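Below is one structure, written out as structure tokens; comments come after it.
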Amino acid sequence: MGALNFTPVGDNEKSIKGELTCFRAIFDPDGEGWPFIYRSWEGLSYSLQMVIPVSGEAAMNSFNWDSFWEKKGENKQMIRGAKRMANRIGKFLNRYDIKSVADFGCGSGGTLFILADKYPHISFYGFDSSLIIVSKNHQRAEEVGLSNLCFKQDTIPLIKSRMIFDLVYSIATLHYVMDIKQAIKNLYRRVNTGGFLIFNYPNRYSMFWYRNHIKPSDKEMRVRFSLLLAGQNLITLKDITITAGKKPKNFWRAVGENGQRANVCVYLHKPCTPD
Ligand SMILES: C[S@@+](CC[C@H](N)C(=O)[O-])C[C@H]1O[C@@H](n2cnc3c(N)ncnc32)[C@H](O)[C@@H]1O
């Protein structure tokens, strides 16, 4: 075995970097073990930087979405994503008798703006924890004259709203929520009988993906995905089945796409009469 020398990076950093001069690395070569390893081969030594998962209080998601949305508008990437998601949700709207739709964690609401324009007979509601983006969206809906689209501030998992919808979806949002099981329970409660709940969620594959793709130097992304990077809010299909009392179905398959195991998206169809 060779030498293992690590030094802290930054003052109050949870990251250390150093060099391991041996070939039989004591870490999982797939990067799936603990801790997260930012790897690169350098000659005969294994140079690595470890980001030690934050835990306890430090891992509470402290990302400030209000200041994010204060600075950010809808960019090209968001617009492309919104078009794709509107197309997928549209397949459910075409297939079933749906009169109301809610998007929890709607962000800049791109998907909702497209859908509200295309389906004027359906009422659309966007909820987000950030008051800034809710106000911006509200103003935009007024400007473009979409009277079937409204926005409200609300936070998962508590959800103040008592409204019920035929279709509820939450995309790229549960990743920032600590108590996902409670979130799923409360989102499912907002679904009308015979309606649908669609969501993607963080699992162990998404954790590995983000651990391998977020650079240790990217502080903003590390704070934003702190829960996921620390593996504190991961769930499985089995957890969802137990939580909802119903086995979820594959959303990607339902819309004719291939999903990835790091981005599993599912839907729950609420029975017309209680199971
Ligand atoms: C990555 S964006 C996703 C936006 C949109 N769903 C999409 O797919 O483009 C996550 C959004 O969730 C919101 N958010 C974060 N935590 C939340 C929470 N606990 N409850 C409700 N919204 C939340 C953020 O303000 C942000 O707008």
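Laboratory data are not the source of any read-out in this text; all were calculated from the coordinates shown. Worth saying up front: this structure is predicted, and the values here are computed from it rather than measured. Positions of Cβ are backbone-derived with ideal geometry, glycine not excepted, and every protein chain shown enters the neighbour counts.
Things to note:
- Sorted by Cβ density within 10 Å, fewest first, the residues 272, 106, 150: 272, 150, 106
- Förster radius 45 Å - calculated FRET efficiency between residue 269 and residue 221, Cβ distance, rounded to 0.05: 0.85
- Long-range HN-HN contacts of residue 149 with modeled amide H, under 5 Å: 124
- Label-to-label distance, residue 212 versus residue 131, with points set 7 angstrom from Cα along the beta-carbon direction: 4.2 nm.
- Between residue 121 and residue 172, the modelled label-to-label distance comes to 3.1 nm, taking each label 7 Å out from Cα in the direction of the beta carbon.
- Taking a Cβ cut-off of under 9 Å around residue 168, the surrounding Lys, Arg, Asp and Glu residues balance to a net charge of -1, with basic ones at +1 and acidic ones at -1.
- Taking the DSSP bridge list for region 59-269 and keeping only pairs wholly inside it, about 30 percent are antiparallel.
- For residue 250 and residue 144, the FRET efficiency from 1/(1 + (r/R0)^6), where r spans their Cβ atoms and R0 equals 41 Å, is about 0.75.
- About its Cα centre, the dipole of region 217-275 is roughly 100 debye, where the only charges are +1 on Lys and Arg Cβ and -1 on Asp and Glu Cβ.
- The H on the amide N of residue 201, modeled in the peptide plane, is under 5 Å from the matching H of 264, each at least 5 residues off or on a different chain.
- Counting 0.36 nm for each residue step from residue 189 to residue 155 and taking away their Cα separation leaves a gain of 10.8 nm.
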